[in-house]
1. If we scan the stretch B:93-104, do we find a residue that is at pLDDT below 95 and more than 16 Å from the chain's Cα centre (by Cα)?
2. Check off (1) away from ligand 2 (no atom under 16 Å from the Cβ); (2) at negative phi for residue B:201 and give me the number that stays unchecked.
3. Between A:144, A:200, which is under 26 Å from residue A:54 (Cβ atoms) and buried (at least 18 other Cβ atoms within 10 Å of the Cβ)?
4. For residues in the stretch A:267-294 being over 20 Å from residue A:27 (Cα atoms) and touching a helix residue (DSSP H, G or I) at 6+ places or on another chain (Cβ under 7 Å), which is farthest from the other protein chains (Cβ to nearest Cβ)?
5. Got a sec? Which of B:78, B:25 is farther than 23 Å from residue B:222 by Cβ and away from ligand 1 (no atom under 16 Å from the Cβ)?
6. Taking the stretch A:243-255 as the region of interest, how many residues are surrounded by 14 or more Cβ atoms within 10 Å (Cβ to Cβ) and not in a helix (DSSP H, G or I)?
7. Being more than 13 Å from the chain's Cα centre (by Cα), within 13 Å of chain A (Cβ to nearest Cβ) and away from ligand 1 (no atom under 12 Å from the Cβ) is the filter here; which residues of the stretch B:30-65 pass it?
8. Just the residues that are away from chain A (no Cβ under 13 Å), away from ligand 1 (no atom under 16 Å from the Cβ) and crowded, with 24+ Cβ neighbours inside 10 Å, please, taken from the stretch B:165-177.
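The values are calculated or read from the model by the stated rules, or taken from the named source; none is laboratory data. Since the model is a prediction, treat every value here as computed from it, not as a measurement. Every residue, glycine as well, gets a Cβ built from its backbone with ideal geometry; the counts of neighbours run over all protein chains shown.
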Ligand SMILES: Nc1ncnc2c1ncn2[C@@H]1O[C@H](COP(=O)(O)OP(=O)(O)OP(=O)(O)O)[C@@H](O)[C@H]1O
Ligand SMILES: [Mg+2]
């Protein structure tokens, strides 16, 4: 028997039992769909986080007091501006180090008000982070040294408080203190859920007085290149731990963040895909079940085919192709719906979803394999039927 | 056309036995059958129910193997053939006609008839041509696209005969081919089988309970209790 004949016979058998074939495929469709969509969401989330981290700027090292890690004790350590000066000396180039201290406050302009993140920082922000200005200027060294009440607004703060009016040179109040707007940042979006467009940057000295703090939250350092990151990180941590004996400080790099987040999200995607894989497996069991029913129903047909000259191999091929066709058609439909669904999710929900070629090919390959795997047992049963008994069957 | 004297017999059985295990008890359906059927013969096998006629037909048709004894089909010892070899032998030298027709229900007469050729690797166009010729030969040239359910019992059995013929077999084995037909349709089927034997020299071996059917054969083998009781030419 030729392959073409076996294929035609199988399509004919599926066509005859249209409803049953469709219902059997349904299990496979759902399984494949789940795999494609979940992998797309996992990949999308990973891509989004990675581009957020990359969007911060390049070669950034963040220094915070205490130890970072699950189960680490809350730290007693504090960083202050004097530590920042110490770090500047350790780095060698003061302009590549910046500081931050932040607090949520309400900012008012006339009747308009907005809840914003006040970040006390300095003139080195643009040397380290990708933070382009839409208007005006950055904070200056003099602003910090003379504790000026000036502010650079995130794009969303600017539009909320000032609307279409140009905010440069205008006044806004934070906790009753009047600030003059000197700059507006371009829209940069969110990083780790931090809405950076809702930030207001003011000189760190001004912020410490306004918030009644003497500490800072952290120090950010810009390395000159990827090769400098690691030695610089060690140097800075050593310098701080030397200054505060017995205390611990942590410096995280973007690469570390990417690695950690990447592996967490990768694991999450893996778990979700495994769950989706189980539903594909259930779909495969459904195929096996229906094929067994089909073999039983068509016992007489199988006996007849054997009497007319079908070899075991011919019968095996016929039923195996039928099973593989069921799962493959189901798989292709599942891929189509899954790709469509992922695009829809990406377009209409905040959840990012990215279709990858490998997940589509994998889903296709797995659906073919499921057909072979779950089709073999019924097909063998059919192939081994005794023709005399099969012809007698009712 | 008669076969040349040198042609091997269609079937040669020596001490054929077939026993079944039913509920732990061995049932001997055939208890030592010796027979030789020459090519081109027209044989009727008769005997009471349960005497082993169908069992013998299954052995001759290579659907089953004897428990012991030797069977040669067209000179070939079936014990030497693999499963695939037996399938090929069935496909090329034997045509089956069953009491209950055994047509594929959702398939046209033409495709039913063409089925044996599928397993011979014949191309679609040639299959159709040969199936059409076979259906025309049994007087059903006007029923090509009909499905079994759209045909009478007599017509269905003629489709089954066309299917048995389409591969130019050396033997047609028919187990009670008229058992499900009325007298008129039965006679028509017998006419076709007799004509086949007379005109094309195809050996016909049939099982029947009806004396008038058996009477049309040139040789009658009486089976009783798994043995040949009488062999009359
Ligand atoms: N698969 C089987 N398992 C057990 N016993 C069987 C089997 N097939 C046939 N037999 C037994 O073998 C004997 C012969 O059966 P067979 O079908 O050959 O009879 P038959 O002559 O064709 O009868 P009928 O005229 O009723 O068709 C019977 O006793 C039957 O019960
Ligand atoms: Mg019988």
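1. Scanning the stretch B:93-104, I find at least one residue that is at pLDDT below 95 and more than 16 Å from the chain's Cα centre (by Cα), so the answer is yes.
2. (2)
3. A:200
4. A:268
5. B:78
6. Total satisfying the criteria: 8.
7. Within the stretch B:30-65, just B:65 meets the criteria.
8. B:171
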